[in-house]
Amino acid sequence: MLSILARRISHPIRIHPALWSFAEECRGTTVRLTAYVGALALIATACMSLWDELPFAAALEPAAKAGWSMADRSHPAFAVSQVDSIGKTEAYEIFRHPEGGRKDVMRWAVTTEEKPVAELELYRPGAELSQARPPADEIAARMDPDGMRQIAGEGMIDSKFGPVALFGFADRADDAKRCLGFMKNLEAANLRISGWSCQGETLPARRLAIACTLNRLTLLTAGTDPKLAELFARAELKRGSCASGSAATASSADWVTGAQNPRLRGSL
């Protein structure tokens, strides 16, 4: 019995080389599969983490990219009582910005199918103001949506809000019937009044039309803004008469309707 065991120990069982090669290949395959499954597990974990954050990113992305939008449920805050608007259609639109800004825009046209002949915008800015383009460029773009042209000063007019700067396109300086843009910043009430007008047969008449529009601008509601209400209350005390302005235009007289830049004293 002992002699048989001794013979078995002295002569171990030999394994065929092909079996050794197969075993090594199986072990290598197992290692690779383990690494592959581990990599898949890491990728799956990362995907799940991104998926959990996706709803929040999707919710924030539209707000970040959103701009001005029509506010159909908002009520008009301003009005213009124009006695010379007979035969013209008036459109009133309100736009809001996600960062707090509001624009009340009034436009006048002869018919609904024709282009507007005048526009008045009342802008109460929010945090989006820091991202806005220069005001004069913005108004010029509204006057000429088809392209940007160089603008030039056209003097100033008086209104119940104080002096108002006028400007037009530099390449139309010799055109007596050119349209005029205007802008007035009222920082105390966080309000910017701007627009443009092509009303009137002559340049003095168009200057007068803008002044009359501003003098006839009234506040319907200030909401919770006492500074805005105070601004219009004080402005009404300085409201002028467009009838007297018409007489001045006919006699080509004063600095309000004159085509040349007026000589004003003090800062604007």
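Can you say whether Lys177 is at pLDDT 80 or above and out of contact with any strand residue (DSSP E or B) (no Cβ under 6 Å at 6 or more places or on another chain), as far as the supplied structure shows? So Lys177 fits the description; yes. The single condition from (1) in contact with a Lys or Arg (Cβ under 7 Å, 6 or more places away or on another chain); (2) open to solvent by 30 Å² or more (accessible area, probe 1.4 Å) that Ile157 fails is (2). Answer yes or no as to whether Glu138 is within 28 Å of Lys227 (Cα to Cα) and either assigned to a strand (DSSP E or B) or in contact with a helix residue (DSSP H, G or I) (Cβ under 9 Å, 6 or more places away or on another chain) (or both). Considered against the rule, which asks whether it is within 28 Å of Lys227 (Cα to Cα) and either assigned to a strand (DSSP E or B) or in contact with a helix residue (DSSP H, G or I) (Cβ under 9 Å, 6 or more places away or on another chain) (or both), Glu138 comes out as no.
One line per residue, one yes/no per condition, for (1) at pLDDT 90 or above; (2) β-branched (Val, Ile, Thr); (3) open to solvent by less than 30 Å² (accessible area, probe 1.4 Å); (4) touching a Leu at 6+ places or on another chain (Cβ under 7 Å):
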| position | (1), (2), (3), (4) |
| --- | --- |
| Lys88 | no, no, no, no |
| Glu93 | yes, no, no, no |
| Glu113 | no, no, no, no |
| Glu121 | yes, no, yes, no |
| Gln131 | no, no, no, no |
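For segment 202-245, which positions are of a type in the set (Gly, Ala, Ser) and over 27 Å from the mean Cα position of the chain (by Cα)? Residues satisfying the conditions are Ala205, Ala209, Ala233, Ala235, Gly240, Ser241, Ala243, Ser244, Gly245.
So that you can scan it fast, the table gives a plain yes or no per residue for (1) among the polar types (S, T, N, Q); (2) open to solvent by 20 Å² or more (accessible area, probe 1.4 Å):
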{"residue": "Ala141", "(1), (2)": "no, yes"}
{"residue": "Leu180", "(1), (2)": "no, no"}
{"residue": "Arg192", "(1), (2)": "no, no"}
{"residue": "Ala205", "(1), (2)": "no, yes"}
{"residue": "Gly223", "(1), (2)": "no, yes"}
{"residue": "Leu228", "(1), (2)": "no, no"}
{"residue": "Glu236", "(1), (2)": "no, yes"}
{"residue": "Ser241", "(1), (2)": "yes, yes"}
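Selection of segment 133-161 for residues being of a type in the set (S, T, N, Q) and at pLDDT 90 or above yields only Ser159. Restricting attention to segment 92-99, does a residue exist that is over 29 Å from Gly223 (Cβ atoms) and not basic (Lys, Arg)? So far as segment 92-99 goes, no, none of its residues is over 29 Å from Gly223 (Cβ atoms) and not basic (Lys, Arg). Screening segment 205-223 for residues that are basic (Lys, Arg) and part of a helix (DSSP H, G or I) and picking the one that is farthest from Asp158 (Cα to Cα) gives Arg206. Within segment 95-111, the set of residues being surrounded by 18 or more Cβ atoms within 10 Å (Cβ to Cβ) and among the aromatic types (Phe, Trp, Tyr) comprises just one member, Trp108. Taken over segment 39-86, residues that are of a type in the set (Phe, Trp, Tyr) and at pLDDT below 55 amount to 2. I want to confirm something. Restricting to segment 139-163 and keeping residues that are of a type in the set (Asp, Glu) and out of contact with any strand residue (DSSP E or B) (no Cβ under 6 Å at 6 or more places or on another chain), which single residue is nearest to Ala205 (Cα to Cα)? Across segment 139-163, the extreme among qualifying residues is Asp158.
The values are calculated or read from the model by the stated rules, or taken from the named source; none is laboratory data. Only a predicted model underlies this, so the values are computations on that prediction, with no experimental measurement involved. Here the Cβ is made from the backbone with ideal geometry for all residues, glycine too, and neighbour counts use every protein chain on show. Note: areas computed on protein heavy atoms with side chains; ligands, DNA, RNA excluded. Shrake-Rupley method; radii C 1.70, N 1.55, O 1.52, S 1.80 Å.
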